[in-house]
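Contents: one structure, followed by commentary.
The values are calculated or read from the model by the stated rules, or taken from the named source; none is laboratory data. All of these numbers come straight from a predicted model, not from anything done at the bench. Here the Cβ is made from the backbone with ideal geometry for all residues, glycine too, and neighbour counts use every protein chain on show. Calculation scope for accessible area: heavy atoms of the full protein, side chains included, ligands and nucleic acids excluded. Shrake-Rupley method; radii C 1.70, N 1.55, O 1.52, S 1.80 Å.
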Amino acid sequence: PCWGEYFFDKCILYVFLLGCVSCVSHSMASFFSFPPKRAAQRLVSYWDKRIEIFGEAKAFMRLTLDEALADDSVALSLGYVRPTGQSDSTGRAILFMDFSQEGKADYTSFSLIRTVWYAIHVALEDENAQKEGIVIIVKSSDSLRQCSIKTRKELARNMQGALPFRLGCFQICHPPSFINIILKIVRLLLPKKLRSRIRQHKGTHEEVIDSLAIYGIPKSAVPDIWGGDLNLEGHSEWLEARRSIENGRY
């Protein structure tokens, strides 16, 4: 349900959610594995941030390619964040995040962030991901100049209690020589509990695949540019498949 369509006062919304959170435990509250009060607080934070990122006109639309993301086709085409359709050995969904796509098209920062929201919500359609969380395989920026501090800052804000998922870890593969400079900035932006959830995997393609396997990440979730089986060229086809699924569902 789109709570904001019916309750415009945050106090009323909070009281409502606190009272009914046990009734929606299997759909939303169980996402967080929190007591009802904390679950209600997170739901309010979620909708506050969703209104900020999507705007009042689209915040309460369905989070689909033809509704809430209808104006984000340019940012979506980059494949900035995409679900791999794979899980690690603990059942956490695996996403691929490609920071090297930043600045390669004309989009707004919020448009790019909306694509992150979309990818995470798609991953969370898997009930195991709702319970166990998400891990993110990361491709770093190609250069320091390409790094967008504004985008990184906004991403960090969205991961601090707004988006409804548990972040297991960032798995950075084949990090560039300037990675430590980026990580110093990133760790300043992230909350303390997330700062330790960043791992680097260096070496040959084989060595990186073996290193990821130690953390339960299969070769099928590793992009083909690193010797894995995930076809990065198939992103546009994945978007069209998603559109067909969503149109059939609604």
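Per-structure values
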quantity	calculated
Solvent-accessible surface ranking, highest first, for Met97, Met61, Met159 at 1.4 angstrom	Met61, Met159, Met97
Cross-link partners of Lys139 among lysines (Cα-Cα below 23 Å; sequence separation of 8 or more within a chain)	Lys104, Lys150, Lys153, Lys184, Lys192, Lys193, Lys202, Lys219
Apportionment of accessible area to carbon and sulfur, region 209-250, percent (1.4 Å)	51 percent
Per residue, in Å², the accessible surface of region 57-145 once ligands and nucleic acids are set aside, probe 1.4 Å	38 Å²
Cys147, Cys169, reordered so the largest accessible area comes first (probe 1.4 Å)	Cys147, Cys169
Heavy-atom accessible area ranking, 1.4 Å probe, most first, across Glu67, Glu52, Glu237	Glu237, Glu52, Glu67
Computed E for Arg145/Asn247 - FRET, C-beta separation, R0 41 angstrom, nearest 0.05	0.55
Relative contact order of region 181-250, defined on C-alpha pairs under 8 angstrom at six or more residues apart (%)	14 percent
